[in-house]
1. Within a Cβ distance under 14 Å of Arg234, other residues only, what is the Lys/Arg minus Asp/Glu net charge?
2. How charged is the neighbourhood of Pro164? Take every other residue with its Cβ under 13 Å from the Cβ of Pro164, and add Lys/Arg as +1 and Asp/Glu as -1.
3. Looking at the stretch 55-141, which trypsin sites (Lys or Arg not before Pro) are in a loop (DSSP not H, G, I, E or B) and have at most 12 other Cβ atoms within 10 Å?
4. Hey, how many Å between the Cα centroid of the stretch 2-32 and the Cα centroid of the stretch 134-186?
5. Using the C-alpha gyration tensor of the stretch 4-92, what are the square roots of 5 times its eigenvalues, in whole angstrom, with the largest one first?
6. List every residue whose amide H lies under 5 Å from the amide H of Met187, counting only residues 5 or more places away in sequence or on a different chain, with H placed 1.01 Å from N in the peptide plane.
7. Net charge near Gly143: determine it from the other residues with C-beta under 14 Å of the C-beta of Gly143, scoring Lys and Arg +1 and Asp and Glu -1.
8. Expressed as a rounded percentage, what relative contact order does the chain have, with Cα pairs under 8 Å and six or more residues apart?
Amino acid sequence: MDLASPGVLKAIMARHGLRPQHRLGQNFLIDGRVLDAILAAAALAPDDVVLEIGPGLGTLTQRLAAAAGRVLCIELDRGLVEVLRETVVASYPNVDVVHGDANRVDLHKLLSERLPPGRKAKVVANLPYYVTTPLVMRLLEEGLPLESIVVMVQREVAERMVAPPGGKDYGALSVAVQYYTEPAVVMRVSPASFMPQPEVESAVVRMRVRTEPPVAAPERAFFRVVKAAFGQRRKSLANALTSLGFPKDVVQAALLAAGIEPGRRGESLSLEEFAAVTRNLYSAEG
Ligand code: SAM
């Protein structure tokens, strides 16, 4: 059954007495070319374990199940979990559907139960846009065994993820995504590829999870500095970083020792510069 069709999706939903729920970010994919692009970006092998967040009616899930060894899906809407039994689980025994909130379930446990020793999973998902940032941050920060993340997100969020330093799109999300992964926008997607159509443009982002951080600095301190720098974007770095509890002259010295003019703004700093400031500040501390 090809689910990438408005008629088929409408018929299944009607049979189950369901309607797309806006509050759960339910915009279902109906464009086969977009599914092809997501599959190509995910580069799945027959022994891969895939984590899909928000499988919906199973349109992408079917394609993942055909290409990978095992697919673990987490869906919040109980009505859709029932639909998935019919659309996916009945014909693909390698799919597990967990009913739950992807922000709250124990992903370490769910993945370790399914991954062979030493293996990592690939995340592939058309994410619910109302929780994209916390979900992606969770995937990045929790040290999960992940090899890559291919996600459909709102286009603006995609642009923030890949933004270089200096522009208005560059912020704490850009630094985190680029610290943990090598991101790239693989496709822009128009609202017409979904049913119902979202109000915003979308994009598919591929993130290759790094095995080593790209810069040398204690991780927690690094993100404390990043958060402080972007927390008060309009302030100079020297002023913004005093919120970390360091006297201004210490902050200024740490910036100058990293070759950074203290009047610069946080949004102009590269990852390497954030790392240098972090090293200077947290060694200057003791
Ligand atoms: N994968 C399907 C597709 O591409 O057609 C559906 C994608 S739709 C954009 C997002 C899906 O995420 C919906 O099925 C929605 O019910 C589900 N969802 C929303 N919030 C969720 C959460 N916190 N945890 C898990 N799933 C969630």
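1. On the way: positive: Lys168, Arg233, Lys235, Arg264, Arg265; negative: Glu267.
Around Arg234, the surrounding residues sum to +4.
2. Values: positive: Arg160, Lys168; negative: Glu159, Asp169, Glu267, Glu272, Glu273.
The answer is -3.
3. Details: sites: Arg63, Arg70, Arg78, Arg85, Arg104, Lys109, Arg114, Arg119, Lys120, Lys122, Arg138; in loops: Arg104, Arg114, Arg119, Lys120.
Filter output for the stretch 55-141: Arg104.
4. Cα centres, the stretch 2-32 to the stretch 134-186: 28 Å.
5. Numbers: eigenvalues 95, 40, 28 Å².
Equivalent-ellipsoid dimensions as semi-axes: 22, 14, 12 Å.
6. Here Val204 satisfy the definition.
7. Details: positive: Lys109, Lys120, Arg138, Arg210, Arg220; negative: Asp106, Glu141, Glu142, Glu147, Glu212, Glu219.
Local net charge: -1.
8. Relative CO of the chain lands at 15 percent.
Each value in this text was obtained by applying a stated rule to the coordinates, not by laboratory testing. Just so you know, these numbers come straight off a predicted model, no measurement behind them. Using ideal geometry, Cβ is built from the backbone for each residue, glycine included, and neighbour counts are taken over all protein chains shown.
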